[in-house]
Amino acid sequence: MTTPRRVLFGRERFTAELDWAGLARLLPGWEVVASPPDRIADHLDGVAAVCPFGAWADEAVLDAGSFGLVHQYGVGLEKVDVARATELGVWVARIPGAEAFAAMRPGAVFVNVARGGLVDSGALLAALQAGRVGGAGLDVHAREPADPDSALLRHPAVIATPHVGGLTTVMFCRTGEVFAANLRRWADGGTPRWAVNAPGFCRWPGLR
């Protein structure tokens, strides 16, 4: 019997206007399901991948399921127990990182109005310092309120605003494309891009 490919999101909707079901077209053969943030452990039956979206993916949640991937979508991984995930054979991935900045056309301008946790701040600063990224516009930050003395915000090629943008349909769709492509890559036996760990095995039965 084939293990269902089901991805669980740790919040009922992306926004009031945008439902996670909108990603179904990008994930043929997958079932897209959602849970209240504090009920993830109760919705793990048949789940292959979890997107916490700000909910906790702590030891209790990780131990409760057989999923093999925790993948960030629009927030950071601060609430994910990466060490425990690695022990259990669960990949943890984020978007984007240094690899993504290296792939950009030299001198490109990077803009983030989605979530600060989407971006590896150290990788962005390094890309700016190396000239790989020509400039950055940041409306959201890894820590808020942002530290005005941080090396990233003080970089002369950075324009920063105090989180006055917002979640948009464009962000939902574009990030969804990258997210879905990485899920498919992993489910086909590949190493997920922008992984923050490297477990020696993957516990999800669908990859055995």
Boolean, Glu12 is in contact with a Pro (Cβ under 8 Å, 6 or more places away or on another chain), of a type in the set (Asp, Glu) and in a loop (DSSP other than H, G, I, E, B): yes
Residue within region 147-158 that is in contact with a strand residue (DSSP E or B) (Cβ under 9 Å, 6 or more places away or on another chain), modelled with pLDDT of 95 or more, more than 28 Å from Ala41 (Cβ to Cβ) and in a strand (DSSP E or B) present: yes
Flag if Ser66 is surrounded by 17 or more Cβ atoms within 10 Å (Cβ to Cβ) and in contact with a helix residue (DSSP H, G or I) (Cβ under 7 Å, 6 or more places away or on another chain): yes
Any hit, region 143-151, residues being under 30 Å from Ala49 (Cβ atoms) and under 15 Å from the mean Cα position of the chain (by Cα): no
Top-ranked residue in region 69-91 [being among the β-branched types (Val, Ile, Thr) and not in a helix (DSSP H, G or I); ranked as surrounded by the fewest Cβ atoms within 10 Å (Cβ to Cβ)]: Val75
Val109 being buried (at least 17 other Cβ atoms within 10 Å of the Cβ), touching a strand residue (DSSP E or B) at 6+ places or on another chain (Cβ under 9 Å) and of a type in the set (A, V, I, L, M): no
Identity of the residue in region 42-55, modelled with pLDDT of 95 or more and not β-branched (Val, Ile, Thr), that ends up farthest from the chain's Cα centre (by Cα): Asp42
Tabulated pairs, region 7-21, first assigned by TED's automatic domain parsing to the domain that holds Val50, second among the acidic types (Asp, Glu) and assigned to a strand (DSSP E or B), C-beta under 6 angstrom, 6+ apart or interchain: none
Unique residue being modelled with pLDDT under 85, of a type in the set (A, V, I, L, M) and part of a helix (DSSP H, G or I) when the list is Ala123, Ala142, Ala127, Ala102: Ala102
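The values are calculated or read from the model by the stated rules, or taken from the named source; none is laboratory data. Model, not experiment: these values are computed from the prediction. Every residue, glycine as well, gets a Cβ built from its backbone with ideal geometry; the counts of neighbours run over all protein chains shown.
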